[in-house]
1. So, how do all the Cα-to-Cα distances of the stretch 25-162 break down into 10 Å bins, in percent, from 0 on up?
2. Under 18 Å Cα-Cα from K139, which lysines qualify once same-chain neighbours fewer than 8 residues away are excluded?
3. Working out 0.36 nm times the residue gap between T32 and H115, then minus their Cα-Cα distance, what length gain in nm do you get to one decimal?
4. Run the simple label-point estimate for K139 and A88 please: 7 Å along Cα→C-beta, distance reported in nm.
5. Which lysines, on any chain, are close to K62 with Cα under 18 Å apart, when same-chain ones fewer than 8 places away are left out?
6. Which whole-angstrom value gives the distance between the alpha carbon centres of the stretch 114-138 and the stretch 38-65?
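Just so it is clear, none of the values below were taken in a lab; they were calculated from the coordinates. Not measured: the values here are computed from a predicted model. FYI the Cβ positions are ideal-geometry reconstructions off the backbone, even for glycines, and counts take in every protein chain you see.
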Amino acid sequence: MLTIAAGVAACAVGAPGAMAQQAATPAGPTITANGTATVKPVPVDAHDDASIAKSVKVAAAKALPLAVADARTHAAALAGAAGLQLGALVSISDAAQPGYPFFYSPQNGTFGNGHFCGQVRKTKTVVRKDGTRRRVVLKGTHKVCRVPSSVSAGVALTYAVAT
């Protein structure tokens with residue numbers, strides 16, 4: 001009985017904070033715009049997993065402000081087209097990225113989360129007498145490192161409309 005009362009008291013304490021967050025959103029119209037940016041990672045050593053991972057993080061850090069600026073420009077264009085002016089920034093959130101699902105994104109590493117180098121099987125291409133090509137798996141493995149071609153960031157900004 002005491003455990004249930006403590007749970008109810010904890011819910012009652014958390015409720016006013018939730019209402020305070022809802023009151024922060026404007027009652028009037030808003031404009032929401034998406035922004036994206038891509039940056040090419042440039043590792044110091046393209047054959048080192050840690051170097052590639054660091055360059056991906058640096059590229060992501062550069063891409064985020066560019067995505068915010070893109071969303072701001074887009075929101076201003078939307079407001080201008082509607083004959084409105086942007087007010088205060090109400091919210092910001094990550095926008096979904098097109099392309100690969102998150103778990104298979106090249107910027108997250110093709111050899112597992114955060115790993116850009118790994119062992120792959122050795123292969124060779126054999127040309128048959130009729131001219132067709134066939135890939136044959138050989139014994140052994142070798143190290144391969146894959147640097148993502150670009151790192152993307154996306155955001156959604158919501159602005160209040162100025163009156």
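1. Histogram of Cα-Cα distances, whole percents per bin: 12, 27, 22, 18, 12, 6, 3, 0.
2. Once the sequence-local lysines are set aside, what remains near K139 is K122, K124.
3. Working: separation 83, 0.36 × 83 = 29.88 nm, distance 3.51 nm.
Between T32 and H115, full extension yields 26.4 nm more.
4. 7.2 nm
5. Filter leaves K40, K54.
6. Cα centroid of the stretch 114-138 versus Cα centroid of the stretch 38-65: 29 Å apart.
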